[in-house]
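Heads up: the structure comes next, in C-alpha cells.
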Amino acid sequence: MKQYVRSVGLALILTAGLSGEDNVLTPQEKAGGWVLLFDGKTLNGWDSVVPQASGRGREPGGQPKAAAQPGAAAAQGDHPRPCSTPMGLAPVPAGASHWEVIDRALSPCGDTAGYLISKDNYKNLVLTVDFRTGEDTNSGVFVRSLGSSLGYEVQIWKSQPAGYNTGSIVGAGKTDREYKFIPDQWNHYEITTDGDHLVVLLNGAKTLDVHDSKFSDGAIRLQYQKFPIEFKNLKLREIKH
C-alpha cells in the first residue's frame, strides 16, 4: 500500500510538472483549438518594427483613429537592461526596439522603447499571456492593433495619467476599482474580444467587461515602455461564429 501511495504521488508530481511547462500547449488546449504564439526560443512570428498606418482602425463615422492613447507617456525606456544575446544585439531598423529570449521568456533590452508585434492579425479571440514586471513599470498588451492605430491596450501600468490603470482598456473602459498585479512575480492575463464585447481577467479576477467597436481586427502588441517587463506563455484561441 505504501509503495502504491508513493507511486501515485510521484505520478501526480510528474503530471503537475508537465502541465505547468512554459510555452507548451497541453493536450486539452490542442484539442480546444489553442495555438502557441511564442515557442520559448525564438522571435518567430513577431517583429519590433511598427507598421505604417493602414487606413483601418477608425472611429464610428469613418474618421481615422488617432494613434495617441489617452494619457500616453513618452516613448522612452527607463534604465534598460543591456542586451546580452546575439538575438538582442542584432541590428534593427530605426525606431524599432530590441527583444531577446531569456530563460524562455520574451524580454526587451537596450534602447529604444517600443513594441513586439505579431505578424498575423486576429479578430475574435481569447488570448492568454503571463507577464512579470516591476511595481512601477509602464507596459500593456494590445489586441486588434493596426498600423499606427494602437488598437485596444489592456493596461499593465498601475498609474496611467488618464485613469486607465491595471486591468483597464485604454480609451474603452476603466475598472470599477483598483486591481493589482504582483510585482516581480508572474501574473496572468486572459483577454477576450468577441465582436464589440471585450473582457479582461487578471489572475482569475474579472477586471473589465465592456462593449466597444472602434477596432475590429489587428495584431497583438507587447509593450516595452519602461523596464523591466517580461512575457511568456502566449496562447490564443480564435472564436469562430
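The values are calculated or read from the model by the stated rules, or taken from the named source; none is laboratory data. Everything numeric here is computed off the predicted structure, so don't read it as measured data. Quick reminder, even Gly has a Cβ in these numbers, built from the backbone with ideal geometry, and neighbours come from all protein chains shown. Note: accessible area is taken over every heavy atom of the protein model, side chains too, but ligands, DNA and RNA are not part of it. Shrake-Rupley method; radii C 1.70, N 1.55, O 1.52, S 1.80 Å.
Flag: Asp130 matches the condition of being open to solvent by 10 Å² or more (accessible area, probe 1.4 Å), in contact (Cβ under 8 Å) with a residue 60 or more places away in the chain and of a type in the set (D, E, K, R).
For every residue, the table says whether it meets (1) surrounded by fewer than 19 Cβ atoms within 10 Å (Cβ to Cβ); (2) in contact with a helix residue (DSSP H, G or I) (Cβ under 8 Å, 6 or more places away or on another chain); (3) under 28 Å from Trp99 (Cα atoms).
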| site | (1), (2), (3) |
| --- | --- |
| Glu153 | no, no, yes |
| Gln160 | no, no, yes |
| Ala172 | no, no, no |
| Lys180 | yes, no, yes |
| Asp196 | yes, no, no |
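Restricted to segment 138-241, the set of strands (runs of 3 or more DSSP E) holding at least 3 residues that are basic (Lys, Arg) comprises 229-238.
Among the residues of segment 212-234, how many are farther than 17 Å from Asp103 by Cα, among the basic types (Lys, Arg) and open to solvent by 20 Å² or more (accessible area, probe 1.4 Å)? So the answer is 2.
Evaluated against (1) within 14 Å of the chain's Cα centre (by Cα); (2) farther than 20 Å from Asp212 by Cβ, Tyr189 falls short on exactly one condition, (2).
Residues in segment 213-241 that are touching an Asp or Glu at 6+ places or on another chain (Cβ under 6 Å) and under 18 Å from Asn165 (Cβ atoms): Lys226 only.
For segment 37-55, which positions are of a type in the set (A, V, I, L, M), out of contact with any strand residue (DSSP E or B) (no Cβ under 6 Å at 6 or more places or on another chain) and modelled with pLDDT of 95 or more? Steps first, please.
Within segment 37-55, the subset of a type in the set (A, V, I, L, M) is 37, 43, 49-50, 53.
Restricting the remaining residues to those that are out of contact with any strand residue (DSSP E or B) (no Cβ under 6 Å at 6 or more places or on another chain) gives 43, 49-50, 53.
Once the filter is applied, which keeps residues that are of a type in the set (A, V, I, L, M), out of contact with any strand residue (DSSP E or B) (no Cβ under 6 Å at 6 or more places or on another chain) and modelled with pLDDT of 95 or more, segment 37-55 yields only Leu43.
For segment 106-118, the criterion of being among the charged types (D, E, K, R), closer than 15 Å to Ser48 by Cβ and at pLDDT below 95 is met by at least one residue. Does Asp136 count as open to solvent by 40 Å² or more (accessible area, probe 1.4 Å), over 30 Å from Gly33 (Cα atoms), of a type in the set (D, E, K, R) and out of contact with any His (no Cβ under 7 Å at 6 or more places or on another chain)? Spelling it out, Asp136 is indeed open to solvent by 40 Å² or more (accessible area, probe 1.4 Å), over 30 Å from Gly33 (Cα atoms), of a type in the set (D, E, K, R) and out of contact with any His (no Cβ under 7 Å at 6 or more places or on another chain). Would you call Gly17 exposed (fewer than 10 other Cβ atoms within 10 Å of the Cβ), modelled with pLDDT under 55 and not in a loop (DSSP other than H, G, I, E, B)? Here the answer is yes, as Gly17 does meet what is asked.
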